[in-house]
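Asker: A single structure is presented below for examination.
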Amino acid sequence: YVDEQGKQLVVSGDADNNIELSDGSELVITKLSGNKKSTRTLGSREYLRYYRQKPRPSPANNVAVTAELAARYRSMGLATVQSREQLVRMKVLKQMNRSGVEQMRSKMGMKSNHSKIPYVFNGMTWYVPIE
């Protein structure tokens, strides 16, 4: 492999070569130290937006993230565990809001939902009930 100035980057056909080009857009560098093998992949700028993205936290890390978040909430003075009274109050408020929304939906639905479909034949109109 040769760079822009014509200098050779990698010896071709070398058996103990630890640098390789992958699909022309990534450079893979492998380093052996003792029993450990570390691999670094360097990519081109066209894929930079993908490299900067943060992966989702792993399931093993969820407990640590949750504990850290709870500690932050406690330091701000927010309750991390709700009492039974608060839970009951929230359920009641949620149910009240839901019933109000359902009532409005049914009210509006009855205004816009016609119970009969007009059927026109030879200039005459009949209304057929919806089943």
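Derivation of every value follows stated rules applied to the coordinates shown; laboratory data play no part. Predicted model only: the values in this text are computed from it and were never measured. Note: ideal-geometry Cβ built from the backbone for every residue, glycine included; neighbour counts use all protein chains shown.
Asker: Which distance in nm do the two modelled labels at THR125 and ALA71 give, with both placed 7 Å along the Cα-to-Cβ direction?
Answerer: Inter-label distance under the simple model: 7.2 nm.
Asker: Between ARG84 and ASN61, what's the calculated FRET efficiency when r is the beta-carbon distance and R0 is 35 Å? Round to 0.05.
Answerer: With a Förster radius of 35 Å, E is 0.70.
Asker: Could I have the simple spin-label model distance between ILE29 and ARG98, label points 7 Å from Cα toward Cβ, reported in nm to one decimal?
Answerer: 5.8 nm
Asker: Which order, highest average first, do 71-78, 121-128 follow once you tally other Cβ atoms within 10 Å for each residue and take the mean per peptide?
Answerer: 71-78, 121-128
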